[in-house]
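Colleague: Please read through the structure below; I'll follow up with questions.
The values are calculated or read from the model by the stated rules, or taken from the named source; none is laboratory data. Source: prediction; values computed, not measured. Cβ: placed from backbone, ideal geometry, glycine included. Neighbour counts: every protein chain shown.
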Amino acid sequence: MEARKSTLKLILFTFGMFGFGFALVPLYDVFCDITGLNGKVTGPTITTYDQEISSREVKITFVTSNNKQMPWSFKSSSPQMKVETGQDYLMDFTFTNTTDKPMIGQAVPSVSPGRGARYFHKTECFCFEQQFLAAGESITIPVKFIIDPELPDDISSLALGYTLFDVTEEFANLQAKN
Amino acid sequence: MLRAIKYSLSLVAALTANLSFGAWDDLNMSPGATQLSQEIFGLHMTVFYVCLAIGIAVLLAMAFILFKYRKKEGVKPADFDDSTALEITWTVLFALILIVLAVPATSVMIKAYDDQEGDINILITGHQWKWQYEYIEDEVGFFSNLSTSLDKRNNLAPKDENYLLEVDEPLVIPTNTRVRFLITANDVIHSWWVPDFAIKQDAIPGFVNTGWTYVNEPGVFRGQCTELCGQYHGYMPIVVKAVSPEEYSTFINEKKEAKIQQALLTEKLWSTSELMEIGEATYQKNCVACHQVGGRGIPPVFPSLVGSEIVMRNKARHIEILMEGVQGAAMASYAEQLTEVEIAAVITYTRQAWGNAETGDGKIVIPKEILDYKNNKL
Amino acid sequence: MSAVIDSHHDDHHHGPAKGFSRWLYTTNHKDIGSMYLWFSLIMLFIGGAMAMVIRAELFEPGSQIVSPEFYNQMVTNHGLIMVFGVIMPAFVGFANWMIPMQIGAPDMALPRLNNLSFWILPVAFGILLSTFFMEGGAPNFGWTFYAPLSTEYAPPTVTFFIFSVHIMGASSIMGSINIITTILNMRAPGMTLMKMPLFVWSWFITAYLLIAVMPVLAGAVTMMLMDIHAGTSFFKAAGGGDPVLFQHIFWFFGHPEVYIMILPAFGIVSHIIETFSRKPIFGYSSMVYAIASIALLSFVVWAHHMFTVGMPIAGELFFMYSTMLIAIPTGVKVFNWLSTMFKGSLTFETPMLFAIAFVALFTIGGLSGIMLAIAPADFQYHDTYFVVAHFHYVLVPGALFSLLAAAYYWIPKWTGKMYDETLGKVHFWMSFISVNLTFFPMHFVGLAGMPRRIPDYAMQFADWNMMVSVGAFLFGISQLLFLFIVLKCIYNGKAATTEVWEGAKDRGFEWTVDSPAPYHTFSSPPSMESLKSSS
């Protein structure tokens, strides 16, 4: 029967669109990668540049902030740095657990302006890694980065922001499940 | 038509409630205080007039048709139902109007998206329900809270001009300087909007957005959070004070000074000898005229500090006297004249010197205690 | 014609069963249509009561009658109920009643599914409204429920909210599948697609939009559910997710949803203008193409709701241009309606008054829409009362007026009785004046800088807000009059003729059957020849 056929097709289409909703998640990541939407950046990448490429000076601003209820102290060793494109640099970030309990923190990066994100290569970083710190413990971790010489000319400064989240509970839940 | 509606509405309201519909800026966008905001205002007015013209044309045409072609005896309706030429004409017309609008819109958009670096950078963090401002280069910062009292909000006190648009500590920026804002949030999504700068940028937890401004004239600019962020979303205003670069550097220096003081008070570990040294100097400068070099004073007008009960055994009262002064006596309050460090040091000095340490409890006072005293009192 | 059909089929006519079980078990498209319409009318009064609370709170600056927290619950549920509980079910109600009658089908293609898709709707809204009595209160994060306010920071009732949205979505999807299947398979012989009445066309396209985007909404709330209860990080920045992703997914659903609420209105208004102009609709095929292109464009404009999230400039420009394009087909429709009236023979019965007001006020809403599309200017408009004014202009004098127009237009056919024309006109003028009094000043306070969704506001917005509140109370009362008119029509109306409106029998199959329309219509398909206008 005709009606039955069209009904079945429409039901299939419905499920397809439900799946498409979920497919938007990875599609969005790809989209972000291409357009630099939201300054979304991925983990470390390994990049080196030929020293011959002409370089220019770019000002990097480091921004650290804590998400709600995250009591740690979290700072870069200096708020700003002038760098040459195409060269390796290091910036130290210090995490201190100021509480009297062991905790787990996780820092999430973001680059601004967003379209500069794909020119900001972090060759070594703690992005998305969990930091376990005992009560009162402090740790300093460097972020190693290179600014792509292809960075558009009208971008003369980039901001690298890190937001520190308290993931102690999530991590505990995850452990409990496994 | 729109204007006619507007006027008739005003009339209705004025007649019914005796309200005042005064200023033009109660009706329209503010041109703002920056070049960008003025360009956006210009764009807004252009688009508005185009839309107004279209609206008036359509509504007038409609009014004409409704009147002219109302049903009349003996008049037969036409029965055409198509005209390809006509339809193509107005489709092309619409497209042209849109192109006319898109050109200036694109050029203003490009100006708004200027990614040059700022002379100063300010990190703005949205919290439930307050804003935090940090001057990145100078490493100073503070929170900015609504300062309108609960009494006003609950209609127990009269409301004034800046009701719900006032804060305890405004963001201060210099004029004639490119100020870049880095905007993020601590918990949920907020949005930082100052209409006079034409900046409305969402503050998103985990992400840093940017905006920038360049203000020519000093002034106070007010805005509000514009993304629903929980129950007190309506109560987190923004106040920005633009001041001359000189005033701005004074402001920053004060902030830095305050920060150093704060660090001294709360973080430094003080030794007795350090306090004694500052305390002796402070004593020589401020106390010696009355209490004399040896601390014996000129009783009964200026009591002796040597062997005094308060100086030897009652630390709390000792602090209180320095902070509040003594009613009806020559002793004044030093809370405003001396820093916390100086007050703590001079108290420590008098408790230690002249053999007081040996006969009394010899307790020292650290600057943090003075700060705590101040904070508890406030 | 209709008399012939009826006498011919009298033998297997059994009227409706009696009592509550008639409604619970019914598979009759007319019964189900009526239930949808009554349901949405009830929800209109519930959602409207919430709007009254909102306007009472905003009557003057300062705290008035509710707490900021409860105010947010009002704002959220007002939006959810009006969108999912009033406008959408009401259009489905009209679709159920009219699509089979307009295409000459005896009933919907999937009658049992039809019953189910209605009856889960009261369940969904029962769940949603019950959250008001639960710990933590009802959802308070706006009808757009942006993460993380709706996930990590939400009241515990958010789970019930998600469940309720799932059920609403399922109901809409089942309804849409039914409508498409009916239209595809049950048209009277000779009714080709391009001869279908415009209401049928508009619903045909709307139904496709619904099954394309309601599953995406279901996906979004499922992800929320998983973030809240299963420890995933779709929208949590901490785990590598992204709160902005939520907004992209939501508006991928949300923008087509906006057109779902207006396209059937286009169909309804086309019929009414045609009938009361006594002239065929102008540019039938361009009307169809305009609806189709609006529907297609709706999939590529979503991020114009997000101009301030910090998109790269290329994104801002793309979404600005694509949004502006929508003005073209919309403008075509407005001009076609004007051309239909041009050189017609117009009379102004209540349905026509509402339809004319629809065209006029929808135009105002459309023009403020063009202003909002201009991305740099939107930095100033975004999330202010200007936006509130815009979408209420397209949804209240837009969608809601078209629903009222449709009710007046078809109720004589359903009940066999005429409504009270004088009262109808009073209802129209009260609604028309108060709707403008309510929503027009919102443009001003928005431009002057009043953000939306705030329970209290600065002094310079006070005068206009008081006027808005007065208008809103008046509009609320006007709709009680509508309820009275409907009841009066059912119990005490004068008998209606078969044609109802002068010349209507040439314009659609529904006007060829008796008034009231028999419980079963078109047991054998009608002939296209009976419609003069189609030949």
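Colleague: Kindly indicate whether any position in the stretch A:63-72 is more than 14 Å from chain C (Cβ to nearest Cβ), within 26 Å of C:Leu245 (Cα to Cα) and modelled with pLDDT of 85 or more.
Modeller: Yes, there is a match, as at least one residue in the stretch A:63-72 is more than 14 Å from chain C (Cβ to nearest Cβ), within 26 Å of C:Leu245 (Cα to Cα) and modelled with pLDDT of 85 or more.
Colleague: So, one more: Considering only residues that are without any contact (Cβ under 8 Å) to a residue 40 or more places away in the chain and among the β-branched types (Val, Ile, Thr), which ones fall in the stretch C:226-254?
Modeller: Hits for the stretch C:226-254 are C:Thr232, C:Ile249.
Colleague: Determine, yes or no, whether B:Lys256 is more than 7 Å from chain C (Cβ to nearest Cβ) and at pLDDT below 95.
Modeller: Yes: the conditions hold for B:Lys256.
Colleague: Okay, next question. B:Gln132: touching a Cys at 6+ places or on another chain (Cβ under 7 Å), within 14 Å of chain A (Cβ to nearest Cβ) and not hydrophobic (A, V, I, L, M, F, W, C), yes or no?
Modeller: When the stated conditions are applied, B:Gln132 does not pass them.
Colleague: Sticking with this one: What tally of residues in the stretch B:200-209 results from selecting those that are more than 7 Å from chain C (Cβ to nearest Cβ) and under 17 Å from the mean Cα position of the chain (by Cα)?
Modeller: 1
Colleague: Considering only the stretch C:303-354, how many residues are among the hydroxyl-bearing types (Ser, Thr, Tyr), in contact with a Leu (Cβ under 9 Å, 6 or more places away or on another chain) and more than 8 Å from every other protein chain (Cβ to nearest Cβ)? Before the answer, list the steps.
Modeller: From the stretch C:303-354, those among the hydroxyl-bearing types (Ser, Thr, Tyr) are C:308, C:321-323, C:330, C:339-340, C:345, C:347, C:350; that's our starting set.
Adding the requirement that they be in contact with a Leu (Cβ under 9 Å, 6 or more places away or on another chain) leaves C:321-323, C:339, C:350.
Imposing the further condition that a residue be more than 8 Å from every other protein chain (Cβ to nearest Cβ) reduces the set to C:322-323, C:350.
Counting residues in the stretch C:303-354 that are among the hydroxyl-bearing types (Ser, Thr, Tyr), in contact with a Leu (Cβ under 9 Å, 6 or more places away or on another chain) and more than 8 Å from every other protein chain (Cβ to nearest Cβ) gives 3.
Colleague: Another question about this same structure. Pull out all pairs, ordered by first then second residue, where Cβ-Cβ is under 8 Å, the residues are six or more apart or on different chains, the first lies in the stretch B:161-176 and is on the phi > 0 side of the Ramachandran plot, and the second is of a type in the set (A, V, I, L, M).
Modeller: Taking only residues 6 or more apart or on different chains, the pairs are B:Leu164/B:Leu146; B:Leu164/C:Ala458; B:Asn176/B:Val215.
Colleague: Test B:Pro245 against the stated conditions and say whether it is farther than 24 Å from C:Thr144 by Cα, more than 10 Å from chain C (Cβ to nearest Cβ) and under 16 Å from the mean Cα position of the chain (by Cα).
Modeller: The answer is no for B:Pro245.
Colleague: Also, I was wondering about something else. So which of C:Thr438, C:Thr497, C:Thr521 ends up being polar (S, T, N, Q) and under 25 Å from the mean Cα position of the chain (by Cα)?
Modeller: The unique qualifying residue is C:Thr438.
Colleague: So B:Ile122 ticks every box in (1) at the interface with another protein chain (Cβ under 8 Å from one of its Cβ atoms); (2) at pLDDT 90 or above but one. Which box is left unticked?
Modeller: It is condition (1) that B:Ile122 fails.
Colleague: Are any residues in the stretch C:297-317 more than 19 Å from the chain's Cα centre (by Cα) and surrounded by fewer than 18 Cβ atoms within 10 Å (Cβ to Cβ), and if so, which ones?
Modeller: Correct list: C:Val300, C:Ala314.
Colleague: Which of the residues that make up the stretch B:157-184 are outside any strand (DSSP E or B) and within 9 Å of chain C (Cβ to nearest Cβ)?
Modeller: Of everything in the stretch B:157-184, those that are outside any strand (DSSP E or B) and within 9 Å of chain C (Cβ to nearest Cβ) turn out to be B:Lys159, B:Asp160, B:Glu161, B:Asn162, B:Tyr163, B:Leu164, B:Leu165.
Colleague: Counting just the residues of the stretch C:461-516 that are in a loop (DSSP other than H, G, I, E, B) and in contact with a Gly (Cβ under 6 Å, 6 or more places away or on another chain), which one comes out farthest from C:Lys413 (Cα to Cα)?
Modeller: Within the stretch C:461-516, the match that is farthest from C:Lys413 (Cα to Cα) is C:Ala496.
Colleague: Next up: Identify, please: which residue in the stretch C:423-449 is buried (at least 24 other Cβ atoms within 10 Å of the Cβ) and among the aliphatic types (A, V, I, L, M) and is, among those, farthest from the other protein chains (Cβ to nearest Cβ)?
Modeller: C:Met442
Colleague: Sticking with this one: Pull up the stretch C:331-355, narrow it to residues that are of a type in the set (Val, Ile, Thr) and touching a residue at least 60 places away in the same chain (Cβ under 8 Å), then point me to the one that is farthest from C:Val301 (Cα to Cα).
Modeller: Of the residues in the stretch C:331-355, the ones of a type in the set (Val, Ile, Thr) are C:332, C:334, C:340, C:347, C:350.
With the extra rule that they be touching a residue at least 60 places away in the same chain (Cβ under 8 Å), the set shrinks to C:340, C:347, C:350.
Working: C:Thr340: 30, C:Thr347: 39, C:Thr350: 35 Å.
That would be C:Thr347.
Colleague: Need at least 1 residues that are touching an Asp or Glu at 6+ places or on another chain (Cβ under 9 Å) and buried (at least 17 other Cβ atoms within 10 Å of the Cβ) per element, so show me which helices (runs of 4 or more DSSP H) inside the stretch B:274-344 make the cut, counting only ones lying wholly within it.
Modeller: The qualifying helices (runs of 4 or more DSSP H) are B:309-313, B:315-324.
Colleague: With the structure loaded, tell me whether B:Lys200 is surrounded by fewer than 21 Cβ atoms within 10 Å (Cβ to Cβ) and either of a type outside the set (Asp, Glu) or out of contact with any Leu (no Cβ under 7 Å at 6 or more places or on another chain) (or both) or whether it fails that test.
Modeller: no
Colleague: Restricting attention to the stretch C:148-163, which residues are at the interface with chain B (Cβ under 10 Å from one of its Cβ atoms) and of a type in the set (Phe, Trp, Tyr)?
Modeller: C:Tyr153, the sole residue that qualifies.
Colleague: Quick one: is B:Lys152 touching a Pro at 6+ places or on another chain (Cβ under 9 Å), within 11 Å of chain C (Cβ to nearest Cβ) and not in a loop (DSSP other than H, G, I, E, B)?
Modeller: On the way: touching a Pro at 6+ places or on another chain (Cβ under 9 Å): yes; within 11 Å of chain C (Cβ to nearest Cβ): yes; not in a loop (DSSP other than H, G, I, E, B): yes.
Considered against the rule, which asks whether it is touching a Pro at 6+ places or on another chain (Cβ under 9 Å), within 11 Å of chain C (Cβ to nearest Cβ) and not in a loop (DSSP other than H, G, I, E, B), B:Lys152 comes out as yes.
Colleague: Same structure again: Identify, please: which residue in the stretch B:147-171 is surrounded by fewer than 19 Cβ atoms within 10 Å (Cβ to Cβ) and aliphatic (A, V, I, L, M) and is, among those, nearest to the chain's Cα centre (by Cα)?
Modeller: The selected residue is B:Leu150.
Colleague: Enumerate the pairs (first residue in the stretch C:418-438 and under 15 Å from C:Phe348 (Cα atoms) and modelled with pLDDT of 95 or more; second residue anywhere and among the hydrophobic types (A, V, I, L, M, F, W, C) and outside any helix (DSSP H, G or I)) with beta-carbon separation below 9 Å, excluding pairs fewer than 6 apart on the same chain, so at least 6 apart or on different chains.
Modeller: C:Lys425/C:Phe348
Colleague: Among the residues of the stretch B:146-193, write down those that are among the charged types (D, E, K, R) and farther than 23 Å from B:Tyr113 by Cβ. If you could, list the steps in order and put the result at the bottom.
Modeller: As a first pass, look at the stretch B:146-193 and keep what is among the charged types (D, E, K, R): B:151-153, B:159-161, B:166, B:168-169, B:178, B:180, B:187.
Across the stretch B:146-193, the qualifying residues are B:Asp151, B:Lys152, B:Arg153, B:Lys159, B:Asp160, B:Glu161, B:Glu166, B:Asp168, B:Glu169, B:Asp187.
Residue by residue, here is whether (1) surrounded by 19 or more Cβ atoms within 10 Å (Cβ to Cβ); (2) outside any strand (DSSP E or B); (3) in contact with a Ser or Thr (Cβ under 6 Å, 6 or more places away or on another chain) holds:
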residue: A:Ser78; (1), (2), (3): no, yes, no
residue: A:Met81; (1), (2), (3): no, no, no
residue: A:Thr94; (1), (2), (3): no, no, yes
residue: A:Gly116; (1), (2), (3): yes, yes, no
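Colleague: Let me ask something else. Hey, does the stretch A:28-47 have a residue that's of a type in the set (Ser, Thr, Tyr), farther than 30 Å from C:Val221 by Cα and modelled with pLDDT under 90?
Modeller: Within the stretch A:28-47, one or more residues are of a type in the set (Ser, Thr, Tyr), farther than 30 Å from C:Val221 by Cα and modelled with pLDDT under 90.
Colleague: Among the residues of the stretch C:402-422, which ones are surrounded by 20 or more Cβ atoms within 10 Å (Cβ to Cβ) and aliphatic (A, V, I, L, M)?
Modeller: Selection gives C:Leu403, C:Leu404, C:Ala405, C:Ala406, C:Ala407, C:Ile411.
Colleague: Separate question: So how many residues does the stretch B:354-365 have that are aliphatic (A, V, I, L, M) and either more than 16 Å from B:Ser273 (Cβ to Cβ) or at pLDDT 85 or above (or both)?
Modeller: Qualifying residue count, the stretch B:354-365: 1.
Colleague: Right, next: C:Trp414 versus (1) within 17 Å of C:His78 (Cβ to Cβ); (2) under 21 Å from the mean Cα position of the chain (by Cα): which is the lone unmet condition?
Modeller: (1)
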